[in-house]
Amino acid sequence: MSKAEYKPSKTHVAVTPGESLPIIRELQGLSQSALAEKTGLSQPNISALENGTSQLGRDRSITLAKALGVHPAVLLFPDFDIHQAA
């Protein structure tokens, strides 16, 4: 197979802010309870954010981002694609 015949794989997966939170949390080996302790948010609140019954919002994203060591935009705009930004 020549190089010209290869097709690039899809590397971008669209996720919601609620879906990005458990991905980042689990990659860091944190439970919802452990994240709750680090942030001061309740575990049920974190669960509601992750299952989409509660909205993340600016203030919560900042609180969670600090605890997770990421930029708040990673949580708020997980599906942002710089190559398609106008």
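If you sort the three axes of the alpha carbon gyration tensor as a ≥ b ≥ c, you get a/c under 1.5 for the stretch 17-76, which makes it rounded.
Taking 0.36 nm per intervening residue step and subtracting the Cα-Cα distance, what contour gain separates residue 77 from residue 4 on full extension? The partial results should precede the final answer.
Details: separation 73, 0.36 × 73 = 26.28 nm, distance 3.37 nm.
Between residue 77 and residue 4, full extension yields 22.9 nm more.
Report the net charge of residues surrounding residue 16, where surrounding means a beta-carbon distance below 14 angstrom and charges are Lys +1, Arg +1, Asp -1, Glu -1. Working shown, then result.
Working: positive: none; negative: 19, 50, 79.
Charge balance near residue 16 sits at -3.
Every read-out reported here was derived from the displayed coordinates using simple, explicitly stated rules and does not represent laboratory data. The model shown is predicted, which means the values in this text are computed figures rather than measured ones. Cβ atoms come from the backbone with ideal geometry, glycine included; neighbour counts cover every protein chain shown.
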